[in-house]
Amino acid sequence: MSYSLYKFHRKPSHSNLKEIPGVSIIKPLTGLDTNLYENLKTFFNLQYPRYELLFCVQEHDNELIDLIERLREEYPDVDSQLFVGSQKFSSGDKLLKNDTMDIKNPKIYNMLPAYEKAQYPYILISDSGLLMHEHTLYDMVMCMTDNVGLVHQMPFTCDRKGFAASVEKVYFGTQHARMYMTINLIGINCVTGMSCLIRKECIDRVGGLRAFGHYIAEDYYIAYEVAKQGWKLRVASTPAQQNSGEYSVSTWIDRMIRWCKLRMRLSPLAYLEPLQECFSSAILAGIVTNYLFEWNALVVAACHILIWFILDYLMLRITQGGALPFSKFEFAIAWLLREFSSFYIYFKAFTGSSIVKWRGKEYRLGSGTRAEELSSLPLPPPAPSLLVESSSSTTLSSSSSSNSTLPVAGPHLLSSSSSSTKQSSQLV
């Protein structure tokens with residue numbers, strides 16, 4: 001908690017913006033969301049001198065494409081491009097060909113065309129469900145000092161309505177924040193890929209993003225490779241603001257089960273996680289103190305839970321950086337639900353199959369989250385005619401696809417899965 005108080009919501013030292021390098025922001029999109037327009041609009045209003053927005057749509061979706069094009073028309077001064085499948089939508093430019101048929105990770109598959117066209121030395125991978133404040137990109141770049149190769153935001157949530165939103169905020173602001181910040185403080189790889197600023201040269205050295213295409217937890221392996229090259233990893237001073245318009249308690253539980261399965265594949269230490277929960281540690285504290293000092297176990301456990309509850313509330317306030325959008329009573333109910341549901345989540349993750357569902361597809365997890373597809377990624381449609389409209393011209397283009405096979409990630413990535421000291425990233 002002390003580290004979070006020191007780290008979060010600090011104002012970075014300001015410098016001459018003209019000296020700051022450009023940033024290519026890659027936005028992988030998977031479909032329409034009620035808050036998508038609001039989220040994407042914030043990226044057009046970033047207070048940063050040089051950046052480009054690279055939107056990636058995995059499949060042809062007219063509504064989603066129209067929404068992005070509408071934003072691009074509203075902000076013509078912001079450098080932006082749109083990629084659909086293996087094709088780039090931009091009048092006057094040649095369409096890209098992408099050999100992506102052997103990539104198992106749908107997020108990597110979606111981002112490849114944009115990554116190959118990125119023009120700046122820094123890459124920001126930013127998920128579609130994020131809202132970004134206007135100074136956040138500047139703050140993240142300020143964290144990218146000479147010895148830092150990756151800056152990541154700790155996942156958090158925007159203020160949204162409903163009890164499910166409260167449960168998510170309580171989880172990301174208490175248990176998740178406590179674990180995330182502690183692990184990063186002691187220097188263990190714990191990077192969530194929903195918002196990561198990376199030196200492009202670090203990824204280029206291992207063959208680009210496609211080198212990570214066989215892993216579901218690509219964020220962990222990207223961070224591992226950056227650290228292996230001698231760079232530091234840093235947590236940004238502003239948490240990532242998740243702002244999905246579609247959320248529920250059951251969706252959150254399914255997401256947590258998936259994350260727990262991934263951590264199990266990355267480190268056997270994940271099997272000890274139930275012991276660091278509030279109620280399980282309270283029971284252990286009561287038993288130990290009763291055995292050693294003959295203290296009343298129930299009183300010790302009750303005091304343990306009360307102190308934990310208070311510290312979690314303070315942790316949430318620190319992460320929030322201000323007043324909470326719900327009452328203390330609602331916090332207590334959401335906190336209790338989070339604590340008790342954790343045991344169900346661990347049980348389902350530990351006893352369930354190795355199959356996970358992500359982005360509408362099923363995967364069987366191997367060692368190190370190496371993925372085996374149970375349903376294939378959709379191939380780009382053969383030679384469609386794409387009508388691309390701009391304010392100045394209308395161009396009719398023909399697209400094509402390739403059936404080449406990509407190289408598998410090398411041994412330097414596979415070797416990390418055997419380390420029991422590495423903590424997992426969390427798939428978003």
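Name the shape class, rounded, prolate or oblate, that the alpha-carbon gyration tensor gives for region 161-204, where a ≥ b ≥ c are the square roots of its eigenvalues, rounded holds for a/c under 1.5, and otherwise prolate holds if a/b is larger than b/c and oblate otherwise.
Because a/c hits 1.5 or more and a/b fails to exceed b/c, region 161-204 counts as oblate.
Taking the simple approach of a point 7 Å from Cα along Cα-to-Cβ for both ILE188 and ILE283, what is their distance in nm?
Placing both labels 7 Å beyond Cα along the Cβ direction yields 2.3 nm.
Per 0.36 nm of contour for each residue apart, how much would the distance between ILE355 and THR42 grow if the chain were fully extended, relative to their Cα-Cα spacing?
On the way: separation 313, 0.36 × 313 = 112.68 nm, distance 3.53 nm.
Fully extending the segment from ILE355 to THR42 adds 109.2 nm.
Restricting the calculation to Cα positions, tell me the Rg (one decimal) and the Dmax (whole number) of region 181-224 in Å.
Both quantities, over Cα of region 181-224: 11.2, 32 Å.
Using alpha carbon centroids, what distance separates region 257-330 and region 42-73, in Å?
Region 257-330 and region 42-73 have Cα centres separated by 41 Å.
How long is the gain from THR145 to CYS303 if the chain were fully straight, where each residue apart is worth 0.36 nm and the alpha carbon distance is subtracted? Show your work: numbers first, answer last.
Working: separation 158, 0.36 × 158 = 56.88 nm, distance 4.34 nm.
Full extension from THR145 to CYS303 adds 52.5 nm.
Quick check: residue separation of GLU59 and TRP295 times 0.36 nm, minus the Cα distance between them. What number comes out in nm? Provide the component values of the computation, followed by the final result.
Working: separation 236, 0.36 × 236 = 84.96 nm, distance 6.24 nm.
My answer for the length gained is 78.7 nm.
A short reminder: the numbers here are calculations on the coordinates, not readings from a lab. These numbers were taken from a predicted model, which means no experiment stands behind them. Every residue, glycine as well, gets a Cβ built from its backbone with ideal geometry; the counts of neighbours run over all protein chains shown.
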